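Following: one structure in structure tokens, then a few remarks.
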Amino acid sequence: NLFSLYGSAPGLQLQQLSPAQIERKVRLADEYVEVMDKVDPGLTAWKGQIYYEVNRFKIVMNMQNLQAHKVSIDQFVKILEESVTELEEAVAGIAGEKYSVTTTSLRDRV
């Protein structure tokens with residue numbers, strides 16, 4: 001599928017993608033999860049895999065936006081915190097465990 005190609009196919013690997021392609025990957029993931037969540041709701045292994053993969057792209061996109069001065073450092077940290085939360089959810093989903101945050105400190109969580 002198109003979602004899987006972004007980041008893994010020859011010529012479409014993460015370091016070769018433009019900011020627009022990275023944004024497209026993130027949008028495709030969000031759309032896919034929104035649709036599939038209606039059929040298979042909750043924290044699932046498939047959703048964990050999607051969150052895990054797409055957050056690599058979100059972090060890169062966030063770093064590019066910071067470097068291009070499109071986001072402030074506060075916005076960067078907020079988006080990074082969201083990505084860390086989604087990565088924690090992803091790992092829990094893949095492992096089949098319940099997700100719970102034990103601390104709100106980003107430093108303690110990474």
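The values are calculated or read from the model by the stated rules, or taken from the named source; none is laboratory data. Remember, it's a predicted structure, so these values are computed and weren't measured experimentally. So basically every Cβ, Gly included, is an ideal-geometry build from the backbone, and we count neighbours across all protein chains shown. Note: accessible area is taken over every heavy atom of the protein model, side chains too, but ligands, DNA and RNA are not part of it. Shrake-Rupley method; radii C 1.70, N 1.55, O 1.52, S 1.80 Å.
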| task | Quote the accessible area belonging to Asp40 in square angstrom, nearest 10, computed with a 1.4 Å probe and with ligands, DNA and RNA left uncounted. | result | 60 Å²
| field | Summed side-chain charge close to Pro41 - residues other than Pro41 whose Cβ falls under 12 Å, Lys, Arg +1, Asp, Glu -1 | value | -1
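At a 1.4 Å probe radius, which order do Leu80, Leu43 fall into by accessible area, largest first?
Details: Leu80 45, Leu43 75 Å².
Heavy-atom accessible area, descending, gives Leu43, Leu80.
Carbon and sulfur: what percent of segment 1-86's accessible surface (1.4 Å probe)?
On the way: 3000 of 5230 Å².
Result for segment 1-86: 57 percent of the exposed heavy-atom area is carbon or sulfur.
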